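*Asks:* Pasting in a structure now, in structure tokens, and then I'll have a few things to ask.
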């Protein structure tokens, strides 16, 4: 067997050498193989032979054809490509077959290495890897967006099926609502921070009655709670004191008396605070159903349920395809937790690695994990780019992990489709890409949810979001909190894809 | 061209010349002799060995004597090679060149020992 392998390897030598010494070389191999038995001696023999091949084969060709040393300048002058012939005789059929097999092996090896090195997989692999229902992705896709976007809510809801949080979420069908955002935030931010003001023991029944109409005592309690939380948690102590003074002044002057409705009172307090310190992340919220006490972070069961939901919905990567003119299209309906969905994200991006332009459809994207937002953005840059995240202090974590090995999207035109339902983390994606002038936003102004505060419970019905970090926004004083992100090209959400496609095609045809 | 190939004399070619200084040898015999005289440091592979033999033959530094059986090796017929007088001269001049180098190395105290 090994003799046959060596006989095959001998074919690498020029035919003249083979004719003269092929049989001798083979005999030498036989002699050595006979004398050098055992694992280590055999291994040494083959290492010797391979080293010998590597040195002597090129040298044989080199010396057999001295003309290789001097390049045929004259032949190049007329601009016609010229080729050297290693052999004068025409190749045998066996040699051609051998060459074909070697080439295939080389291509296969490079593909495998490429796949491991840069997580590159062909488009077909994506379909194969995603859940078994992927083949009917369009059907799943129609159902997926709402389910996927709400899956985090369901986790919270399912864990505490009887709590007020559940009732609140269940009743909170309006996507743009602050309350659902804050409840989502509870999960992300873990336990609710220790409260400055412990709510006085109240029965739920009493609370519900009270919520119907606010009296002065309740208002005072909420204001006291808000002031205590501000002083304890707000990032700027001076501003916190000024706001506290303002809230007390308004209370004394009777400005709050008109607010007998919880929602209106919460909005009024928010306004009063922002009049002093224009911080869009500072907010008081009201919940008609009592807020749960002592929420903790997600349990292992929650995470398992989340994982299952994400697997079922292909991590909310609803559509990954290549449209005519080699324009990539990715419909992503949330930014799921990278610890669960990193490989799906990588696979999706790898399958679009060779497109000439890319469209991110975030029209049904309700946000998610900032880490996933940054991960997706990393594909769009060839160097680490400052990535503004209103939830984080400015650290090294605020940079994208660009460049991603093997990625080819860093210089391709990017379009992001938006709608009024584009929310939270999806807005971060839009805002940062717009500020970095890396994408053209097409569609509607986004929802306007920045959620950078930490939620603090004031009492059964009132809570507040207080920014506790000092993020640096290098782009502008405000971000998208409440105002949303304006698109570059304003069209109805339903027409956004068509418009973006036209823009991309026009741009590509100019290049 | 082959002259250029042997100038400077490659180590493998010099070793082959030395191995044939004592007796006529076939390819495998040369390989073993070279391994012996270098304490196993040089094990000539078939490609290097026959490539060098080819060049040395062309330049008439060695010659092919005849084909005969080696009683130690299954009585298979093998080509034997012999050092020519030109080959011996070449080996001597290479050895002298190395001896000169050795002298310089000793003068510079890089190598200890008697002058050659």
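*Asks:* Determine whether region A:13-29 contains at least one residue that is at the interface with chain B (Cβ under 10 Å from one of its Cβ atoms) and either under 53 Å from the mean Cα position of the chain (by Cα) or at pLDDT below 85 (or both).
*Replies:* yes
*Asks:* What residue, among those in region B:18-57 that are farther than 21 Å from residue A:30 by Cβ and crowded, with 23+ Cβ neighbours inside 10 Å, is nearest to the other protein chains (Cβ to nearest Cβ)?
*Replies:* Here the answer is B:56.
*Asks:* Could you check, for region A:430-451, whether at least one of its residues is farther than 23 Å from residue A:359 by Cα and surrounded by fewer than 24 Cβ atoms within 10 Å (Cβ to Cβ)?
*Replies:* The answer is no; no qualifying residue exists.
*Asks:* Something else: Looking only at region A:47-65, count how many residues are in contact (Cβ under 8 Å) with a residue 12 or more places away in the chain, more than 8 Å from chain B (Cβ to nearest Cβ) and part of a helix (DSSP H, G or I).
*Replies:* Residues that pass the stated criteria total 2.
*Asks:* Looking at (1) touching a strand residue (DSSP E or B) at 6+ places or on another chain (Cβ under 6 Å); (2) in the same structural domain as residue A:338 (by TED's automatic domain parsing), can you tell me which one residue A:284 breaks?
*Replies:* It fails just one condition, (2).
*Asks:* Could I ask something else about it? Is it the case that region A:479-502 has a residue that's surrounded by fewer than 18 Cβ atoms within 10 Å (Cβ to Cβ), under 14 Å from residue A:280 (Cβ atoms) and without any contact (Cβ under 8 Å) to a residue 12 or more places away in the chain?
*Replies:* No, region A:479-502 contains no residue that is surrounded by fewer than 18 Cβ atoms within 10 Å (Cβ to Cβ), under 14 Å from residue A:280 (Cβ atoms) and without any contact (Cβ under 8 Å) to a residue 12 or more places away in the chain.
*Asks:* For region A:252-271, name all the residues that are over 19 Å from residue A:457 (Cα atoms) and buried (at least 20 other Cβ atoms within 10 Å of the Cβ).
*Replies:* Step one: list which residues in region A:252-271 are over 19 Å from residue A:457 (Cα atoms), which gives A:252-260.
Passing the criteria: only A:256.
*Asks:* Which of (1) more than 14 Å from chain A (Cβ to nearest Cβ); (2) out of contact with any strand residue (DSSP E or B) (no Cβ under 7 Å at 6 or more places or on another chain) is the odd one out, the single condition residue B:11 does not satisfy?
*Replies:* Residue B:11 satisfies all of (1) more than 14 Å from chain A (Cβ to nearest Cβ); (2) out of contact with any strand residue (DSSP E or B) (no Cβ under 7 Å at 6 or more places or on another chain) except (1).
*Asks:* Checking the conditions here, which among A:459, A:486, A:495 is more than 24 Å from the chain's Cα centre (by Cα), assigned to a loop (DSSP other than H, G, I, E, B) and more than 25 Å from residue A:382 (Cα to Cα)?
*Replies:* Every option except A:459 fails the conditions.
*Asks:* Consider residue B:97 against the criteria (1) touching a residue at least 12 places away in the same chain (Cβ under 8 Å); (2) surrounded by fewer than 19 Cβ atoms within 10 Å (Cβ to Cβ): it satisfies all of them except one. Which criterion is unmet?
*Replies:* It fails just one condition, (1).
*Asks:* Name the residue, out of B:108, B:60, that is over 27 Å from residue A:12 (Cβ atoms) and free of Cβ contacts under 8 Å to residues at least 24 places away in the same chain.
*Replies:* B:108
*Asks:* I'd like to verify a number: residues in region A:332-343 that are outside any loop (DSSP other than H, G, I, E, B) and surrounded by fewer than 23 Cβ atoms within 10 Å (Cβ to Cβ), how many?
*Replies:* Residues that pass the stated criteria total 5.
*Asks:* Checking residue A:285 against (1) assigned to a helix (DSSP H, G or I); (2) touching a helix residue (DSSP H, G or I) at 6+ places or on another chain (Cβ under 8 Å); (3) closer than 22 Å to residue A:481 by Cβ, which single condition isn't satisfied?
*Replies:* (1)
*Asks:* Would you confirm whether any residue within region B:69-84 is part of a helix (DSSP H, G or I) and either in contact with a helix residue (DSSP H, G or I) (Cβ under 7 Å, 6 or more places away or on another chain) or within 12 Å of another protein chain (Cβ to nearest Cβ) (or both)?
*Replies:* No - not one qualifying residue is present in region B:69-84.
*Asks:* Additional query: Taking region A:307-320 only, how many residues are over 17 Å from the mean Cα position of the chain (by Cα) and surrounded by 15 or more Cβ atoms within 10 Å (Cβ to Cβ)?
*Replies:* Adding up the residues that qualify gives 2.
The values are calculated or read from the model by the stated rules, or taken from the named source; none is laboratory data. Values in this document were obtained by computation on a predicted structure and should not be read as measured data. Ideal geometry is used to build each Cβ from the backbone, glycine not excepted, and the neighbour counts take in all protein chains shown.
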